[in-house]
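Since the structure comes first, as structure tokens, the remarks are kept for the end.
The values are calculated or read from the model by the stated rules, or taken from the named source; none is laboratory data. Because the structure is predicted, anything quoted here is derived from the model rather than measured. For neighbour counting, all protein chains shown are included, and Cβ atoms are generated from backbone atoms with ideal geometry for every residue, glycine included. Only protein heavy atoms, including side chains, enter the accessible area calculation; ligands, DNA and RNA are left aside. Shrake-Rupley method; radii C 1.70, N 1.55, O 1.52, S 1.80 Å.
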Amino acid sequence: MKYNSTRNKNTVVTAAQAISQGISEEGGLFVPQELPKYSADELLALSKLDYKGRAKKILADFLSDFTAEEISESVDAAYAAEKFGGDNPAPISYLHNGDENMYILELWHGPTSAFKDMALQILPHLLTKSMHKVHDGKEAVILVATSGDTGKAALEGFKDVDGTKIMVFYPVDGVSPMQKRQMTTQKGNNVNVFAIKGNFDDAQTGVKKIFTNDAIKAQLADNNKLFSSANSINWGRLLPQIVYYFSAYCDLINAGKIANGEKINITVPTGNFGNILAAFYAMNMGLPVNKFICASNANNVLTDFLATGTYDRNRNFYATMSPSMDILISSNLERLLYHLTGNDDAKVAEYMKSLSETGKYTVDDSVKAKLDELFFGGSCDDKGTQATIKKTYDEEHYLCDTHTAVAVNVYEQYVEKTGDKATPAIIASTASPYKFAKNVLGSIAPEAVSDDEFATVKELSKLTGTEVPKPLAELENAEVRFTTTCAADEMKDVVLKALDI
Ligand SMILES: *Cc1c(COP(=O)(O)O)cnc(C)c1O
């Protein structure tokens, strides 16, 4: 299978090239030229396998330039039971008191307690294998802009991986105390962490600028190094995410909750549009989907886009209690536009040019019609988030994190508006409540919150009888290693200095 760039169809690369390069020369994103298609019988066959088996089958269909051993090795190492607390890294939690048709797909049982682990535990394996195929002997320099969760998950995935260096930039005031602590205490000899004076979009724009700066690229090449990306613009991030949608569907068949072939709704708390896009790919590969429900927080640029067909980032940026969704430029939307325009690279390039020059673009009527058919968009502010955490806890005894609560809230909006309660619905649960303990506890027992993060964590555990993920509990006594803050326009210098070139 080959991959094209969303901004130039004449760019044709292998999977290994797409993964090692991260982004195409002219700034486009790599997309598969065609998709494997699974029949109902093949879905049934998939349901007989365990998670790793499902992952191996799906990855093999996309990574045709990898051997079966390479894929097997990568999957087995990434989803080892001890890393994800069991054989199924993405289990479904069944709620019983309220809506029996709502299934919470828990994607946060990995080492950093957020769904980013699902992709970032396997990406280093795919990336180092890709580097060997395409750029033998070169060191990969991974630059990461993070709104909180990607940074830690990437650091954990890449720490001490031979042939790689990783540098993470996070918005200085844009992450939760636990997220910050997770990053500043990161262990490993090839890691670097910097705070940026600015928001996530500033960090992401800064990273993209460095990636496409020819002078810096040449300087790296002279030193036998090459930039790569662990952000969800990298195909190696998206691909592993397709697996858990199929896997969840298979688990629902096996549990007798749905019939094979029955359509489901998928609700995703959305930021950079990677997670929900993986679900869109799954549908195009044969997963029976009725609607994608795209949930946003107060940064509701996607909600407005889905309603009007105009994407407009010229608006206030809000720092919310679901910081991993505090994003005004959802990069992966570019891939959706490519597919919905019928692979019209010129059109996508035009939209993206308009976005970078004016901060907005409007899609054609035909694209808008397809969006209407496939997507429902909704948003939920911090007040709604807290109310949903409380309601879900009171009614279902289920404790959601702030991001998952946004999804549950918007799913309820969907049911309210459409009356569609009958379609089984998967809600992607993207983080452990303990990553956002202050706001989660503040929603159910505000009087119990204290200024001390770890006291709050313990209080939440005591009150709800749920367990604190071990890696988070251990942070209380971890040594802080990274304290540098820099301006967004200093990122380039900081990178070169850290690389010592
Ligand atoms: C990254 C993240 C999101 C947003 O996912 P995208 O793929 O960027 O849309 C939502 N919730 C949590 C907890 C995250 O870490």
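Some points to look at:
- Within segment 423-442, the set of residues being more than 20 Å from the chain's Cα centre (by Cα), open to solvent by less than 10 Å² (accessible area, probe 1.4 Å) and within 16 Å of the ligand (Cβ to nearest atom) comprises 437, 440.
- Residues satisfying the stated conditions in segment 365-376, i.e. charged (D, E, K, R) and loosely packed, with under 14 Cβ neighbours inside 10 Å: 365, 372, 373
- Flag if residue 36 is open to solvent by less than 10 Å² (accessible area, probe 1.4 Å) and either farther than 27 Å from residue 211 by Cβ or not in a helix (DSSP H, G or I) (or both): no
- Those residues of segment 5-18 which are buried (at least 21 other Cβ atoms within 10 Å of the Cβ) and of a type outside the set (Val, Ile, Thr), in sequence order: 5, 7, 15, 16, 18
- Among the residues of segment 88-110, those identified as modelled with pLDDT of 95 or more and either open to solvent by 30 Å² or more (accessible area, probe 1.4 Å) or under 17 Å from the mean Cα position of the chain (by Cα) (or both) are 88, 89, 90, 91, 104, 105, 106, 107, 108, 109, 110.
- Qualifying residue in segment 330-337 (condition: under 21 Å from the mean Cα position of the chain (by Cα) and at pLDDT below 95): yes
- In segment 114-129, the residues that are in contact (Cβ under 8 Å) with a residue 12 or more places away in the chain and more than 10 Å from the ligand (Cβ to nearest atom) reach residues that are part of a helix (DSSP H, G or I) and of a type in the set (Phe, Trp, Tyr) with C-beta atoms within less than 7 angstrom, at least six apart or across chains, in these pairs: 118/244; 124/158.
To keep it simple, each residue is scored yes or no on (1) among the acidic types (Asp, Glu); (2) within 23 Å of the chain's Cα centre (by Cα); (3) closer than 20 Å to residue 292 by Cβ.
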position: 225; (1), (2), (3): no, no, no
position: 236; (1), (2), (3): no, yes, no
position: 240; (1), (2), (3): no, yes, yes
position: 248; (1), (2), (3): no, yes, yes
position: 262; (1), (2), (3): yes, no, yes
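- Test: residue in segment 238-245 that is aliphatic (A, V, I, L, M), touching a strand residue (DSSP E or B) at 6+ places or on another chain (Cβ under 8 Å) and touching a residue at least 60 places away in the same chain (Cβ under 8 Å): no
- Residue within segment 210-219 that is more than 16 Å from the ligand (Cβ to nearest atom) and among the small types (Gly, Ala, Ser) present: yes
- Taken over segment 395-422, the residue count meeting the criterion of being within 12 Å of residue 95 (Cα to Cα) and loosely packed, with under 15 Cβ neighbours inside 10 Å is 2.
- Considering segment 220-249, the residues that are away from the ligand (no atom under 16 Å from the Cβ), in contact with a Leu (Cβ under 9 Å, 6 or more places away or on another chain) and over 19 Å from residue 54 (Cα atoms) include one that is most open to solvent (accessible area, probe 1.4 Å), namely 223.
- For residue 136: the one exception among (1) open to solvent by less than 60 Å² (accessible area, probe 1.4 Å); (2) over 30 Å from residue 322 (Cβ atoms): (1)
- Members of segment 164-190 that are more than 19 Å from residue 437 (Cα to Cα) and surrounded by 17 or more Cβ atoms within 10 Å (Cβ to Cβ): 164, 165, 166, 167, 168, 169, 170, 171, 186, 190
- Check on residue 447, open to solvent by 20 Å² or more (accessible area, probe 1.4 Å), charged (D, E, K, R) and modelled with pLDDT of 95 or more: yes
- Filter result for residue 2 (surrounded by fewer than 20 Cβ atoms within 10 Å (Cβ to Cβ) and within 30 Å of residue 138 (Cβ to Cβ)): yes
- Residue within segment 452-469 that is farther than 30 Å from residue 290 by Cα, within 16 Å of the ligand (Cβ to nearest atom) and among the hydroxyl-bearing types (Ser, Thr, Tyr) present: no
- Unique match (being free of Cβ contacts under 8 Å to residues at least 40 places away in the same chain, more than 16 Å from the ligand (Cβ to nearest atom) and within 22 Å of residue 288 (Cα to Cα)) among 353, 391, 370, 383: 370
- Scope segment 74-87; condition surrounded by fewer than 19 Cβ atoms within 10 Å (Cβ to Cβ) and either in contact with a His (Cβ under 8 Å, 6 or more places away or on another chain) or not basic (Lys, Arg) (or both); matching residues: 76, 77, 80, 81, 82, 85, 86, 87
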